[in-house]
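**Student:** Mind looking over this structure? Questions follow.
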Amino acid sequence: REYYYVNMGGGHHINKEAIPKANQDIEALKDAKIPIAWRDTCGHLLIKLNKCRRQTFYSPNECTHDRHTFEECEYNAYLQRVEAKKFIDQAIEKQKSEALLAES
């Protein structure tokens, strides 16, 4: 789903590489030695970023595009979680109001 781009505002461009993916290649993450804590919806980008980091000896001036793409993906994943939380909260409030109406 790309609903979270609607709320970003500010003329932000859409980076198609930075879209979180729910289905990750677990074997590729395992082979790249990505820690379990980082195997989220943006783990596929971390493989490429870490490879670049190792090749450039973690130079702060290198791999900037890969790092930005990874961080943007993490932000987009955060926006997805916030939107999902809103839907859950709305459903809970709806259930509470229906329960109050049923009691009276």
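The values are calculated or read from the model by the stated rules, or taken from the named source; none is laboratory data. Treat the numbers as computed from the prediction; the structure is a model and nothing was measured. Cβ sites come from the backbone with ideal geometry, for glycine too, and all protein chains shown count toward neighbours. The accessibility values were calculated without ligands, DNA or RNA, using every heavy atom of the protein model including side chains. Shrake-Rupley method; radii C 1.70, N 1.55, O 1.52, S 1.80 Å.
**Student:** What residue, among those in segment 26-43 that are closer than 21 Å to Asn15 by Cα and charged (D, E, K, R), is surrounded by the fewest Cβ atoms within 10 Å (Cβ to Cβ)?
**Tutor:** Of everything passing the filter in segment 26-43, Arg39 is surrounded by the fewest Cβ atoms within 10 Å (Cβ to Cβ).
Here is a yes/no grid of residues against (1) open to solvent by less than 50 Å² (accessible area, probe 1.4 Å); (2) assigned to a helix (DSSP H, G or I):
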site: Asn23; (1), (2): no, no
site: Leu45; (1), (2): yes, yes
site: Phe70; (1), (2): yes, yes
site: Ser97; (1), (2): no, yes
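**Student:** Still on this structure, please answer the following. Does Asn50 meet the test of being within 19 Å of the chain's Cα centre (by Cα) and closer than 21 Å to His13 by Cα?
**Tutor:** Details: within 19 Å of the chain's Cα centre (by Cα): yes; closer than 21 Å to His13 by Cα: no.
No; evaluated as a whole, the condition is false for this residue.
**Student:** Only one of (1) modelled with pLDDT under 95; (2) of a type in the set (Phe, Trp, Tyr); (3) open to solvent by less than 90 Å² (accessible area, probe 1.4 Å) fails for Tyr75. Which number is that?
**Tutor:** (3)
**Student:** Restricted to segment 50-68, and to residues that are without any contact (Cβ under 8 Å) to a residue 12 or more places away in the chain and outside any loop (DSSP other than H, G, I, E, B), which residue is surrounded by the most Cβ atoms within 10 Å (Cβ to Cβ)?
**Tutor:** Taking segment 50-68 and keeping what is without any contact (Cβ under 8 Å) to a residue 12 or more places away in the chain, we get 53-62, 64-65, 68.
Keeping just the survivors that are outside any loop (DSSP other than H, G, I, E, B) gives 53-55, 64-65, 68.
Working: Arg53: 16, Arg54: 10, Gln55: 11, Thr64: 11, His65: 13, His68: 14.
For segment 50-68, the residue satisfying everything is Arg53.
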